[in-house]
Every structure is written in C-alpha cells, then in structure tokens.
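Heads up, the thing below is written out as structure tokens.
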Amino acid sequence: MLIAGGPIGRIPAQRLARQELAKGVYGHQSFWQWLLSKLNFTYSGPSGWLATAALVVIPLIIIVVVWARIGPMSRSRRRPAPALLGGTGTTTAREHRDLARRHAADGDYSGAIVESVRAIAASLEERELLVPGPSRTADELATEAGMLFPGHAAELAAASLLFDDVCYGERTGTPDGYARLQRLDEALTNARAVVTL
C-alpha cells in the first residue's frame, strides 16, 4: 500500500484499516433498519410497523405465487394422471368395442387400442366388479382389475402401458397390440373374478 510518505507495511496497513472501519459511517446496522432508512420509514409509530410488515409479507406472497406456478406443486397439478374414460362413463363396453373395431378397420390401431382398454374398464364397471369412475387411470384399472383377476394381472399391466404409450406417449398402435387387447377383453369377459371380503 502506498501513502503520502511512501510504501507502508502490512501491520501499519491493518491498523489504518481498523481505524477506518471504526468510524461511525460503518456502524452496525441491521438489514431491516438500513432498508427502512432507505425507504424513509422508521420503527416508531404504527405506520412504521405497518411498512415493516408489508416489506416482509409482500415478498413472501410473491415467492409463494411464483413457487406455485413453477414449482413441483404446479407440475403435479399441470400433469394429472390421464383419465382412462376421458371424463365420461356413459359409453357402454359394447360401444367402446364397436369404436375399436371401426378404428382398426380404418387402420387407426392407436384409436383401436385406446377404445379396447376403455371397453375393458366399462365392462368391469357394468359387471359391478369395479365402482364406476370416469377419472380412473389405466394404471388404476390395471391395479384394481389385477386384484380381481390375478391370473391376468400381467396382461392388465401390459394393457395399461400400451394405453399410455399410444394415448399419451404418442407411439403408434399396432395390429398386434390391438389383437392382444381383444384377447384380454374376451378372457376377462369369460373369467370369474376373485372377490375378497
């Protein structure tokens, strides 16, 4: 360090730094005191406390709103589990099967697969083996029906995966996938459910 008289050593420089920092300009002041002084508020009087509360609450509200829009809560709300029956449970199993056949005849195996899985769900609801649930997902169908038909649990899980792949994963359905679901639908129609009390 250089001063008017020439170079200065380390020890004298530390002493000068301590003297400079001991001045009132560098007094210890809390962040809130500093912030309020910059905004011309004081702690005295009700308006000062109101301003302090506003300075604390408003940023917290902003943080919560931003977090709700971009955080994990938002992602979970934005991407709910896909509903199997698309929000309506009024279409019968027979109607879903007819739609599946029409899609397959038109070469739309993705649509045929979706309707086939919906037919399975509607059929189990019509047989009163499952409680009607328009918001049931394909995974929930596989789990619930797998408990009723343990011998078909693996095929139900595969059907759920196939449904999700073509409906939400943008994969193209195949004739083999559609045929597999037709066999599963027929097998479940003829199978006896395991009912546990």
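No value in this document is a laboratory result; all are computed from the given coordinates. Owing to the predicted nature of the structure, the values given are computational and were not obtained by experimental measurement. Cβ: placed from backbone, ideal geometry, glycine included. Neighbour counts: every protein chain shown.
How many nm is it between the label spots at Arg192 and Leu16, if each spot is 7 Å from the Cα in line with the beta carbon? Using points 7 Å along Cα→Cβ, the separation is 10.1 nm. Label-to-label distance, Ala68 versus Ala54, with points set 7 angstrom from Cα along the beta-carbon direction: 2.2 nm. Taking 25 °C and 0.890 mPa s as conditions, the range 120-197 diffuses translationally at an estimated 191 µm²/s according to Stokes-Einstein applied to its Kirkwood radius (Cα pairs).
Here the label points at Arg183 and Leu129, each 7 Å from Cα along the C-beta direction, are separated by 1.8 nm in the simple model.
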